[in-house]
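Chemist: Provided herewith is a single structure, encoded as structure tokens, for subsequent inquiry.
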Amino acid sequence: MALLEADALVKSFRGLRAVGGASFDVEPGSIVALIGPNGAGKTTCFNMIAGVFAPDSGTVAFEGRKMQGSRPDEICKAGIGRTFQIVKPFAGLSVADNVVVGALLRESTSRGARAVAMGILRKLRLEEKADLPASTLTLPDRKRLEVARALATRPKLLLLDEVMAGLRPTECDEMVAFFRELNRADGLAILLIEHVMRAVMALAQRVVVLHHGEVIARGAPAEVVRDPAVLECYLGEETEV
Amino acid sequence: MSARARALLVALAAVLLALPQFAGSYLLSVATLALYFAYTGQAWNVMMGFAGQLSLGHSLYVGLGAYAAAAVFTKFGIGPWAGAWVAIALCVAAGAAIGVLAFRFGISGVYFALLTIAFAEFTRIGFDHIGWLGGPGGLFLKVGQRSSWDLANLRGTPAMFYYVMLALTAGAFALCAALLKSRAGYYWQAIREDEEAARALGINTFRWKMFAVIISAAMTALAGVFFAFYYNNLFPEQIFNIGQSIEIILGPIVGGVGTLFGPVLGAALLTGLADALNNLVAAMGWDIPGVKQVFYGIVLLLVIMFLPNGIWPPLARRLGLGR
């Protein structure tokens, strides 16, 4: 049984169909990338999984349990953590307190939560900035903070919405190594939306390509990037000159 | 809390405890009023400062609390300490009703604030029509003798009322300090900063916002009980007035929204300075109605322009304290 099964998800906004019957799975312990051009419906899929809104039709199952229609906090409690494409730090709180908020989901005391938070900040190399207000962080650090906060809720599945965007190549490689290690050591499953192909190729075991709200290709990264349908949607149709 | 902050707190407590020994009854009444606003400001701060829910109708809880305690006292002879529970129950019910209405139907921000005003206003008008409680003519408590302490019935000297208000303020401060360090404090602040992100971290935002409203309403209810037994007369026009709500929130805004010391500092400054100004105006033989309101307006304007986070945060940094 797959950890996450999204089946025939449909979502329209005021008649505009953002996602039209997308299906994909995430196996336990695997890393899946959701790619596609802007407006393909990737973030809409994420939001349906994370409970921001319910799909018009279709189902989301996590560990065999139907999740569509649940609230975001219930979905987080069930074990799905997420980051936001447009980062949402608790700007007035310190970096450490941001992560403590997440850690309190599974910790009964603030002291215990702080210990968990500091451990995660260390791994993400944010420990020196722990006492600074989150509003003072640079964008790459804010992205790290998003990840730290989501990880603090101890998810079984982590949804990453473009966490590599805006990172320098070396920073991107660091993040990739970090997620690989998490995946290898803790068996954390990851579903990521990503435009940075460097990260997708290095991280994902499987890639799902969305275009106009529909899945047009899926498979191993190396296969998918050679798929004519994928090339077409990114680069336009090949024409003889 | 740092050692320095603790030392400051102890010094402040010592001065406040000794105040009735050297202050006359007039100064004591000003100090009692300052404490009253420190307390109500602290209660309001739980909702706005911690959880980010703007209430502009806290006079509702003062009024309901005051009328509840006064009514059971005058009509059934139930003392203020038992009456306080009636007041709390009533205010919690009112706060919960507003909370459910607002948070279930996604009313937030300015619209939430308007809802709180609406509740306070229609309660004011409603109480004008409750003949049993005196209607617009007011509800009066028998003024007891003022020379000895009768704590059980809250009848006594100005010093007694001062100490009761001081105990309430200290209790509210300790409660808020504890809440801020607890799960509730973290969750409230997360909701204040970004509700969607808070939800994504597993926080049932409805539940925690309700908790903030309930705590704030219950705290303010006690201020109402005090109000009733201190002033001995209640008029809907006065106690449910929006001016009362505004005066409650001025202290925390001037002192620092979301901080522990802000409401106390703000209330002390505003009450003290407004009173000094009143005396000055009277001494000069001038007659300027509304001078206090104008003064509040000017202070508010200056604080918002130059110290948008209130006086306390920069002062705390200057003193080398936390927040």
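The values are calculated or read from the model by the stated rules, or taken from the named source; none is laboratory data. Keep in mind the model is a prediction, meaning the values are calculated, not measured. Please note: Cβ atoms are built from the backbone with ideal geometry, for glycine as well, and neighbour counts cover all protein chains shown.
Chemist: Any residue that is in contact with an Asp or Glu (Cβ under 6 Å, 6 or more places away or on another chain) and not in a helix (DSSP H, G or I) - is there at least one of those in region A:203-223? Don't jump to the end; show me each part of the working.
Modeler: Of all residues in region A:203-223, those in contact with an Asp or Glu (Cβ under 6 Å, 6 or more places away or on another chain) come to A:217.
The next check asks that each one be not in a helix (DSSP H, G or I); those that pass are A:217.
Yes, region A:203-223 contains a residue that is in contact with an Asp or Glu (Cβ under 6 Å, 6 or more places away or on another chain) and not in a helix (DSSP H, G or I).
Chemist: Looking at (1) over 28 Å from A:Pro37 (Cα atoms); (2) part of a helix (DSSP H, G or I), which is the one condition that is false for A:Arg125?
Modeler: Condition (2) is where A:Arg125 drops out.
Chemist: Which numbered condition in (1) at positive phi; (2) touching a strand residue (DSSP E or B) at 6+ places or on another chain (Cβ under 8 Å) is the only one that B:Leu154 fails?
Modeler: Among (1) at positive phi; (2) touching a strand residue (DSSP E or B) at 6+ places or on another chain (Cβ under 8 Å), B:Leu154 violates only (2).
Chemist: Would you confirm whether any residue within region B:188-202 is of a type outside the set (Ser, Thr, Tyr) and within 16 Å of the chain's Cα centre (by Cα)? Don't jump to the end; show me each part of the working.
Modeler: Taking region B:188-202 and keeping what is of a type outside the set (Ser, Thr, Tyr), we get B:188-202.
In the following step, the residues that additionally are within 16 Å of the chain's Cα centre (by Cα) were identified as none.
No, the conditions are met nowhere in region B:188-202.
Chemist: Can I ask one more? Of all the strands (runs of 3 or more DSSP E) wholly in region A:1-115, which have at least 1 residues that are surrounded by 15 or more Cβ atoms within 10 Å (Cβ to Cβ), touching a Ser or Thr at 6+ places or on another chain (Cβ under 6 Å) and away from chain B (no Cβ under 14 Å)? Talk me through it step by step, then tell me what you get.
Modeler: On the way: elements: A:4-13, A:16-26, A:31-35, A:57-62, A:80-82.
Once the strands (runs of 3 or more DSSP E) in region A:1-115 are filtered for at least 1 residues that are surrounded by 15 or more Cβ atoms within 10 Å (Cβ to Cβ), touching a Ser or Thr at 6+ places or on another chain (Cβ under 6 Å) and away from chain B (no Cβ under 14 Å), what remains is A:4-13, A:16-26.
Chemist: Which pairs turn up if I take residues in region B:68-87 that are farther than 19 Å from B:Val143 by Cβ and look for partners that are of a type in the set (Phe, Trp, Tyr) with beta carbon separation below 9 Å, at least 6 apart in sequence or on another chain?
Modeler: Once the first residue is farther than 19 Å from B:Val143 by Cβ and sits in region B:68-87, its partners that are of a type in the set (Phe, Trp, Tyr) give B:Ala87/B:Tyr61; B:Ala87/B:Tyr67.
Chemist: Something else about it: I'd like the residue in region B:185-234 that is facing chain A (nearest Cβ under 7 Å) and among the charged types (D, E, K, R) and, out of all such residues, is surrounded by the fewest Cβ atoms within 10 Å (Cβ to Cβ).
Modeler: Here the answer is B:Glu196.
Chemist: From the list A:Gly112, A:Gly166, which residue is modelled with pLDDT of 95 or more and not hydrophobic (A, V, I, L, M, F, W, C)? Spell out how you get there, then give the answer.
Modeler: Details: A:Gly166 fails: modelled with pLDDT of 95 or more.
Of the residues listed, the single one that is modelled with pLDDT of 95 or more and not hydrophobic (A, V, I, L, M, F, W, C) is A:Gly112.
Chemist: Take the residues in region B:175-184 that are among the hydrophobic types (A, V, I, L, M, F, W, C) and more than 15 Å from the chain's Cα centre (by Cα), then tell me which one is farthest from the other protein chains (Cβ to nearest Cβ). Steps first, please.
Modeler: Going through region B:175-184, the residues among the hydrophobic types (A, V, I, L, M, F, W, C) turn out to be B:175-180, B:184.
Now narrow it down to the ones that are more than 15 Å from the chain's Cα centre (by Cα): B:177-180, B:184.
Values: B:Ala177: 13, B:Ala178: 11, B:Leu179: 11, B:Leu180: 10, B:Ala184: 10 Å.
Out of the qualifying residues, it is B:Ala177.
Chemist: Ok, one more. Go through region A:149-163 and give me each residue that's within 22 Å of A:Ala40 (Cα to Cα) and either within 12 Å of chain B (Cβ to nearest Cβ) or in a strand (DSSP E or B) (or both).
Modeler: Restricting attention to region A:149-163, the residues satisfying the condition of being within 22 Å of A:Ala40 (Cα to Cα) are A:158-163.
Passing the criteria: A:Leu158, A:Leu159, A:Leu160, A:Asp161.
Chemist: It is to be established whether one or more residues within region A:43-66 are among the basic types (Lys, Arg), out of contact with any Pro (no Cβ under 9 Å at 6 or more places or on another chain) and free of Cβ contacts under 8 Å to residues at least 40 places away in the same chain.
Modeler: So in region A:43-66, the residues among the basic types (Lys, Arg) come out as A:65-66.
Within this subset, residues satisfying the condition of being out of contact with any Pro (no Cβ under 9 Å at 6 or more places or on another chain) are A:65-66.
Next, only the ones that are free of Cβ contacts under 8 Å to residues at least 40 places away in the same chain stay: A:65-66.
Yes: region A:43-66 contains one or more residues that are among the basic types (Lys, Arg), out of contact with any Pro (no Cβ under 9 Å at 6 or more places or on another chain) and free of Cβ contacts under 8 Å to residues at least 40 places away in the same chain.
Chemist: Among the residues of region A:116-148, write down those that are within 9 Å of chain B (Cβ to nearest Cβ) and within 17 Å of A:Gly166 (Cα to Cα).
Modeler: If we filter region A:116-148 for residues that are within 9 Å of chain B (Cβ to nearest Cβ), which is where we start, we get A:134, A:146.
The answer is A:Glu146, and nothing else.
Chemist: Report, by residue number, each residue of region B:255-295 that is exposed (fewer than 15 other Cβ atoms within 10 Å of the Cβ) and acidic (Asp, Glu).
Modeler: B:Asp287
Chemist: Same structure again: Limited to region A:164-193, what total is found for residues that are surrounded by fewer than 22 Cβ atoms within 10 Å (Cβ to Cβ) and part of a loop (DSSP other than H, G, I, E, B)?
Modeler: 6
Chemist: Just one of (1) aliphatic (A, V, I, L, M); (2) part of a loop (DSSP other than H, G, I, E, B); (3) within 29 Å of B:Lys181 (Cα to Cα) trips up B:Val62, so point out which.
Modeler: Here B:Val62 clears every test but (2).
Chemist: Condition first: within 17 Å of the chain's Cα centre (by Cα) and at pLDDT below 95. Now tell me which residues in region A:89-109 satisfy that.
Modeler: none
Chemist: Name the one entry in B:Val62, B:Val15, B:Val30, B:Val46 that is in contact with an Asp or Glu (Cβ under 6 Å, 6 or more places away or on another chain) and not aromatic (Phe, Trp, Tyr). Spell out how you get there, then give the answer.
Modeler: Values: B:Val62 fails: in contact with an Asp or Glu (Cβ under 6 Å, 6 or more places away or on another chain); B:Val15 fails: in contact with an Asp or Glu (Cβ under 6 Å, 6 or more places away or on another chain); B:Val46 fails: in contact with an Asp or Glu (Cβ under 6 Å, 6 or more places away or on another chain).
Unique residue meeting the criteria: B:Val30.
Chemist: For B:Pro313, all conditions in the list (1) loosely packed, with under 13 Cβ neighbours inside 10 Å; (2) part of a helix (DSSP H, G or I) hold save one; what is the number of the exception?
Modeler: Failed condition: (1).
For every residue, the table says whether it meets (1) within 15 Å of B:Leu222 (Cα to Cα); (2) hydroxyl-bearing (Ser, Thr, Tyr); (3) at pLDDT below 95.
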site: B:Ala14; (1), (2), (3): no, no, yes
site: B:Met47; (1), (2), (3): no, no, no
site: B:Gly57; (1), (2), (3): no, no, no
site: B:Gly79; (1), (2), (3): yes, no, yes
